[in-house]
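Every number here is computed from the coordinates shown, using simple stated rules; none is lab data. The structure presented is a predicted model; accordingly, all values stated were derived computationally and were not measured. Ideal geometry is used to build each Cβ from the backbone, glycine not excepted, and the neighbour counts take in all protein chains shown.
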Amino acid sequence: MEQQALHAKTNETAEFGNYMAGIFAWMFVGLSISGIIGYLIAQSSDSVKALFLNPISLIALIILQFGLVIFLAARATKLSANTARLAFLGYAATVGIMLSGIFLAYASTSIMRVFFITGSMFLVMAIVGYLTKIDLSKFGVILLMGLVGIIIATIVNIFLRSDGLQTIVSYLGVIIFLGLTAYDVQKIKGIYKQFGTAGNMAILGALSLYLDFLNLFLFLLRIFGGND
């Protein structure tokens, strides 16, 4: 009996490990698509300028991004696996278009350095979220309130153009998305225990971690990207 219980637990741990590996693999695929598309578009500076100087195309792209996220979050459990994956990859592609500007604003060495810094910090917090016995759900509301705060501050700073405020927002953004990384990993773990692999939860998990990594990278790039 004990051997059977141990064997069952071992299989369950292995299955969950494969599940998490799949989520991180999809997150990496999304990040790769965003990075490759952003880099390729940035090779033509005229196309980047045309995008960002044309308010209609910029607004349309932002609306498309929000639409894909809302569609995926609201319909994930009802979509086929392939449709959910295509929606996620489509979203990653639109983000890549928006990211093309960073390849003009920052040196490639800065981007690569910050990417590896982001990866290291993200990995540490993902491990914390996976291993900790502390219930991080009680911090979720605080983190989401902080996220709303930095969004509002960022919008306000579009008009104020304050370097000091941008620096404060960037450091707060790093703290918030480090916390959200641990929180989301623990949440994915809890959802798996409750629902297993049903309902495209893996793609939703990949989307959450993709957004955590991406925003952490962008805030760190604001802080360290100008050092070259």
For the range 153-228 and the range 13-68, compute the distance between their C-alpha centroids and round to whole Å.
-> 15 Å
Which ³J(HN,Hα) values, rounded to whole Hz and listed in residue order, are derived for the range 103-110 from phi using the Karplus coefficients 6.51, -1.76 and 1.60 in 6.51 cos²θ - 1.76 cosθ + 1.60 with θ = phi - 60°, glycine and proline given as x?
-> 6, 9, 7, 10, 5, 4, 5, 5
For the chain, find the longest principal axis of its Cα atoms and tell me its angle to the long axis of helix 201-224, 0 to 90°, nearest 10.
-> 40 degrees
Based on the alpha-carbon gyration tensor of the range 119-160 and its eigenvalue square roots a ≥ b ≥ c, which shape applies: rounded if a/c is under 1.5, prolate if not and a/b is larger than b/c, or oblate?
-> oblate
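D for the range 48-153, whole µm²/s, Stokes-Einstein with Kirkwood Rh over alpha-carbon pairs at 25 °C and 0.890 mPa s: what number?
Taking Rh from Cα pairs, D becomes 143 µm²/s.
Taking the alpha carbon gyration tensor of the range 2-227, what are the square roots of 5 times its eigenvalues, largest first, to the nearest whole Å? Mind dumping the intermediate values first?
Values: eigenvalues 212, 87, 56 Å².
With the √(5λ) rule applied to the range 2-227, the semi-axes are 33, 21, 17 Å.
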Sequence of Lys133, Lys78, Lys187 once ranked by neighbouring C-beta atoms within 10 Å, starting from the fewest = Lys133, Lys78, Lys187
When all Cα-Cα pair distances of the range 134-199 are considered, the percent exceeding 15 Å is 59 percent
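Please state, rounded to one decimal and in Å, the Kirkwood hydrodynamic radius that the range 109-228 gives when every pair of distinct Cα atoms enters the mean of 1/r.
Working: mean 1/r = 0.0654 Å⁻¹.
Value: 15.3 Å, from the Cα pair sum.
When ranked by the protection proxy of mean other Cβ atoms within 10 Å per residue, highest first, what sequence do the peptides 117-127, 23-33 form?
Values: 117-127: 16.6, 23-33: 18.6.
Sorting 117-127, 23-33 by mean packing, highest first, produces 23-33, 117-127.
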